[in-house]
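Rule-based calculations on the coordinates, nothing more; no lab input. All values reported here derive from a predicted model rather than from experimental measurement. Ideal geometry is used to build each Cβ from the backbone, glycine not excepted, and the neighbour counts take in all protein chains shown.
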Amino acid sequence: MTTTNQTIYWTLTDEAPSLATCSLLPIVRTFTKAAGIDVKISDISLAGRVLSAFPEKLTEEQKAEDGLSFLGALTQDPHANIIKLPNISASIPQLKACIAELQAEGCDIPNYPEAPQTEEDKAIQARYSKILGSAVNPVLREGNSDRRAPGAVKAYARKFPHSMGEWSKASRTHADYMRDGDFFSSEQSITMDQAGDVRLEFVDQAGNVEVKKELSLEQGEILDSMRMSCRALREFFEETMQDAKETGVMWSLHVKATMMKVSHPIVFGHAVTVFYKELFEKYGDLFEELGVNPNNGIGSVYDKISSLPTSKREEIEEAIHECLEHRPEMAMVDSVKGITNLHVPSDVIVDASMPAMIRNGGKMWGPDGKPKDTKAVMPESTYARIYQEMINFCKTNGAFDPTTMGTVPNVGLMAKKAEEYGSHDKTFEMMADGIMRVVTADGTVLMQHDVEKGDIWRACQTKDEPVRDWVKLAVTRARQSGMPAVFWLDHKRAHDRELIKKVNTYLQDHDTDGLDISIKTYNQAIRFSMDRMIRGNDTISVTGNVLRDYLTDLFPIMELGTSAKMLSVVPMLKGGGMYETGAGGSAPKHVQQVEEENHLRWDSLGEFLALAVSLEEMGIKENNKRASILAKTLDAATGKLLENNKSPSRKTGELDNRGSHFYLGMYWAQEVATQTEDPELAAHFAPLAKTLSDNEAQIVAELSAVQGKPAELGGYYHANRENVKKVMRPSETLNAALAALS
Ligand SMILES: NC(=O)C1=CN([C@@H]2O[C@H](COP(=O)(O)OP(=O)(O)OC[C@H]3O[C@@H](n4cnc5c(N)ncnc54)[C@H](OP(=O)(O)O)[C@@H]3O)[C@@H](O)[C@H]2O)C=CC1
Ligand SMILES: O=C(O)CCC(=O)C(=O)O
Ligand SMILES: [Mg+2]
C-alpha cells in the first residue's frame, strides 16, 4: 500500500462496526474525494488477521493483507491519520469458531492446537497467540488517550435521556474483591535510574534458576512485579459463592479475559472449577483426556462431551445440574438460551458489564429471565473498589440523572503498552513452588516474591516518555476545558507511588497557573467526581491504562447510555493521529438482530466524531482547506442529526444505522452546499443536497422496507462482502444519488 499525506486509513474490523462501515464508507468517500483525500481500508478483522498469519496454503484470492503490521508501522509516521473502529479481541472459543468458519469456506489453515506436543504445533500456536485477545489496540496505540463527550452529544443526552434503572437503598448488590493474596497486596515497583537489562527468573526449591524473560529497560522506566495467590483466589471464590448462596443474591464474575489475555482466562478458569467443584473432581481425568480447558468456560465441557456416547454425556450433564444445587443463582448472558456468566470468558467483560449493571439499578438477569441483585465478583481489588464506591453512591443518592449530570472525560496513560495492559509477555502461571525475582545483569535482586504452584506472577512496564506526554495532555485538556483535573493515583500502591513522583516533577514543566490539578486516591477521586457530577459539574479523570478503559465505559454509560458516543482521540507520540470510534466494543448482539430481523442498531456517532477530528487534523497538518471545511460541516451535520434525533433506534422497523447514515449524508451535503468559504465546493454538493432532500421519504421507506425479515450475511467472522453490501446498502435511490457524484 502506498501512502500519501492526504490519506485516511479506515480500519475494517468485525461484527457491528464492520457492517456499519459498508454503509457509511461510500457516503464518506463521496465527500472526502472532493477534498483530494483518499480513504483507504485496512483490514484488521479477526478473520483477516488469521488469514494473513497463515498464507502458505491459501490461494491468491483467499490471501489477506497484513493490515495490522502496516498500520503498526504507520503509527511511527508523523502524517499518520487512522480511524480505528472497535474490533474483536478474541477468546480461544471465538478464535476457534473463526478458524472453523474460514476452513468451511475452503481456506486451508491449521486448527488451533490447544495442547501442542510437536514443534510444528507449538509454532502454529505461537502464531495464533499473536492474534488472540487484545492483539490490535496495543499495537496501534502509540500515544495516550483523550476520551470525552463533545458538547453536542451531552446536549443530546440531556434532551433525549436514555432510561436508567431505579436504585433502591435496600439493594443488596455489591462488588466483592480479594482482601489479600491478590496483585494489589503484593505489588512492588521500581524506577530505573539508568537504562539496563533485567532478567525475570524463577528459582525452584532446589535452587535451580530458569530465566523466564529478559528485558531491556530504558532510563526512567517503571517496572512493577506482583503475584496473585492461586490458593487465596480459590478460597475467595468459594467464600463468595457460599455467601451468595446463604444470603440469596446472584453471583456474577467480571473480568477482562480479552485484554488481560494471559492472566484473566486463568482467573476465569479457577472460577469455573470452583463453581463446578464436584464435577471437576469426579470427571477430572476424563476431562483431561477429552481436552476440556476450564479457562475457556463451562462451554468447553459441553463442547468436548458432545462426542461422548449419549448415556455418558447425559450423566455428565446431570452432574453439572447437581452442582448448581449447592451454588447460588448465576447471572446470565442469555437466560432464554441458558448461557451463563461462566460459559465463555469473552461474554462478560468488566469495563462494559459493571456499568451496564449499575445503570440497570444494580441488577443483572437471572436464570428465570428476571433482573436481580447480584454479588459482582472482581478478584483484583486494585480497581474493584471504585465500583463499590459508585454502588454506595447510587444507593444513597439514587440513580444518576442524565438530564442534569455533569461529565467525566478521561486522559489515559496508554502509550507503549503501559502498565497491566502490556504485561502478557511477562505473565506466568507458576508450575512449582519457589521464588520469582527480577535481577539486574550484575545479579542484584531488584524485586522478588515467594510463589506457589498455580500462582500468577506478572511484571508491567511503564516507559518515561509516555508518562511525560500524559502529564502534558492532562494540563492541555485542563486548560482547554477549564475543568479540574484529578490524577487518580493511590499512594498505597507501589506503582502509583513511582508515578506520583514523576507527575509532581513533570507538572513543573508546564504553566499550571489558574488550573485546578490534584492527585487523589481512587476512592477519593471517584467520590469527588460523582459529588460534582450530580451537581452538573465536570471533572477530568487522569488515570492509568486500566482505569482509562474502565472509566471510559463507566461514566459514558451513565451519562450517555453507551460509550459509543464518545470522542476518542489518540495523539501519537510521533506526531500522527489515531481517532478511535467511541470507547466501547463491537456489540456482537447487534449482529444477531441483523441476522434475525435485518435491523442494525449500532450507533455510528463515534465514527462521525472521529472522522470530523481526523479531517480537522488533515486540514491543519496538510494545509488542506477543503478538509477543514468538511470537518466543520460534518460537525454541524452531526449536531443536526442529534438535534433531530436521527440516531438509530433499538426497534426493528424504525430508523436504524443505515437510516442514520443517510441523514448524516443529507445534512452534510446541505451544510457543504450552503457554506460560503468555498463556492466551488458548495456548487459541487448542491445537486446531492437537493436529490437527498427531495427523496428523503423515498429513501427512508426503502431502508425500512427491508426490515423485519432475516438477513443473510454469508458468514459471521468472514461475512460475504457481496451479501453484506446487499444488506447494508438496500436503497437504490440513495446508491444512485451517491454514484452520481462519484
Ligand atoms: N476498541 C476496541 O477495539 C474494543 C473492542 N472490544 C471488543 O468488542 C467485543 C464486545 O465487547 P463487549 O464488552 O461486549 O462490549 P460492546 O461495547 O460491544 O457491547 C456492550 C453494549 O454496548 C452497547 N453498544 C456498544 N457500542 C454501541 C454502538 N456503537 N451503538 C449502540 N450501542 C452500542 C450495546 O448495548 P445495547 O445494544 O444493549 O444498547 C452493546 O450490547 C469484544 O470482542 C471486545 O474485546 C471492546 C471494547 C473496545
Ligand atoms: O482492546 C480491547 O480488547 C478492548 C479495548 C477497550 O476496551 C478500551 O480501550 O476501552
Ligand atoms: Mg473499554
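Rounded to the nearest 20, the Cβ-based charge dipole of the chain about its Cα centre (Lys and Arg +1, Asp and Glu -1) stands at 2120 debye.
For the range 625-680, the equivalent ellipsoid built from the Cα gyration tensor has semi-axes of 26, 9, 8 Å, listed from largest to smallest.
Stokes-Einstein diffusion for the range 462-502 at 37 °C, viscosity 0.692 mPa s, with a Kirkwood radius from C-alpha pairs, works out to 295 µm²/s. By the Stokes-Einstein formula, at 0.692 mPa s and 37 °C, the range 406-479 with its Kirkwood radius over alpha-carbon pairs has D equal to 219 µm²/s. With semi-axes defined as the square roots of five times the eigenvalues of the C-alpha gyration tensor, the equivalent ellipsoid of the range 65-120 measures 30, 15, 12 Å, largest first.
For the range 90-240, the average shadow cast by the Cα convex hull is 18.3 nm², which is a quarter of the hull's surface.
Cβ crowding within 10 Å ranks R385, R227, R313 as R313, R385, R227, fewest other Cβ atoms first. Axis of helix 230-247 versus longest Cα principal axis of the chain: the two differ by about 80°, to the nearest ten degrees.
Value of Rg to Rh for the range 40-99, rounded to two decimals, is 1.01; Kirkwood radius and Rg both from alpha-carbon coordinates.
In this structure the amide hydrogen of D14, modeled in the peptide plane, comes within under 5 Å of the amide hydrogens of I88, none closer than 5 places in sequence on its chain. Considering every alpha-carbon pair of the range 304-418, the percent of pairs per 10 Å bin, from zero through the bin containing the longest distance, is 10, 31, 30, 17, 8, 3, 0.
Go ahead and run the numbers for FRET between K169 and I320, Cβ-Cβ distance against an R0 of 30 Å, rounding to 0.05. Result of the calculation: an efficiency of 0.20. Straight-distance candidates among the aspartates and glutamates for linking to K261, with alpha-carbon spacing under 13 Å and chain neighbours fewer than 8 residues away dropped: E420, D425, E429. Across the range 599-742 the C-alpha pair distances fall into 10 Å bins from zero in the proportions 12, 36, 35, 15, 2 percent. When +1 charges are put on Lys and Arg Cβ atoms and -1 charges on Asp and Glu Cβ atoms, the dipole computed for the range 486-633 relative to its Cα centre reaches about 340 debye. Calculated on the alpha-carbon coordinates, the convex hull of the range 147-188 measures out at 148 cubic angstrom per residue.
Once backbone amide H atoms are built at 1.01 Å from N, L655 has S649 as its partners under 5 Å, excluding neighbours fewer than 5 places away on the same chain.
The tail of the calculated P(r) for the range 22-177, taken as Cα-Cα distances beyond 24 Å, holds 57 percent of the pairs.
Within straight-line reach of K565, meaning a Cα separation under 24 Å, sit the following lysines at least 8 residues removed in sequence or on another chain: K40, K84, K154, K159, K256, K363, K589, K632, K640, K646, K651.
Against the main long axis of the alpha-carbon atoms of the chain, helix 522-533 sits at an angle near 30°. Expressed as an acute angle from 0 to 90° and rounded to the nearest 10, what is the orientation of the C-alpha long axis of helix 625-643 relative to the principal long axis of the chain? With rounding to tens, the tilt is 80 degrees.
In this structure, the amide hydrogen of M330, modeled 1.01 Å from its nitrogen in the peptide plane, lies closer than 5 angstrom to those of W251, counting only residues at least 5 positions away or on a different chain.
Cβ crowding within 10 Å ranks D43, D656 as D43, D656, fewest other Cβ atoms first. Annotation for the range 79-141 versus the range 451-473: alpha-carbon center distance of 25 Å. Summarising the strand pairing of the chain, around 65 percent of its internal DSSP beta bridges are antiparallel.
Along the axis of the charge dipole computed for the range 621-684 (Cβ charges of +1 for Lys and Arg, -1 for Asp and Glu, origin at the Cα centre), the listed residues T674, A637, P648 are led at the positive end by P648. Panel values: the range 365-492, Kirkwood radius from alpha carbon pairs, Stokes-Einstein at 10 °C and 1.306 mPa s, translational diffusion coefficient 82 µm²/s.
In order along the range 595-602, phi translates into HN-Hα couplings of 4, 8, 10, 6, 10, 10, 8, 4 Hz, rounded to whole numbers, per the Karplus curve 6.51 cos²θ - 1.76 cosθ + 1.60 with θ = phi - 60° and x for Gly and Pro. Overall, the anisotropy analysis places the range 1-56 in the oblate class: the square-rooted eigenvalues a ≥ b ≥ c of its C-alpha gyration tensor yield a/c not less than 1.5, with a/b not exceeding b/c. With coordinates expressed along the principal axes, the C-alpha atoms belonging to the range 546-597 extend over 45, 24, 18 Å, beginning with the largest.
Sorted on the mean count of surrounding Cβ atoms within 10 Å across their residues, most packed first, peptides 599-611, 705-717, 233-245 read 599-611, 233-245, 705-717. The per residue volume of the convex hull around the alpha-carbon atoms of the range 255-323 is 80 Å³.
For the range 355-394, the alpha-carbon radius of gyration amounts to 1.22 times the rule-of-thumb value 2.2 N^0.38 Å expected for a compact globular protein.
With the Kirkwood sum run over all distinct C-alpha pairs, the range 489-592 has a hydrodynamic radius of 16.1 Å.
Working note: Cα atoms of the chain, range along each principal axis, descending, whole Å: 81, 68, 59.
Give the distance, in whole Å, between the Cα centre of the range 603-643 and the Cα centre of the range 278-338. Comparing the Cα centres of the range 603-643 and the range 278-338, I get a distance of 51 Å.
Here the range 630-729 is treated with +1 on each Lys and Arg Cβ and -1 on each Asp and Glu Cβ, and its dipole about the Cα centre works out to around 500 debye. Helices in the chain, meaning DSSP H runs of at least 4 residues, each add -39500 (n - 2.57). Divided by all residues, the mean residue ellipticity at 222 nm is -14500 deg cm²/dmol.
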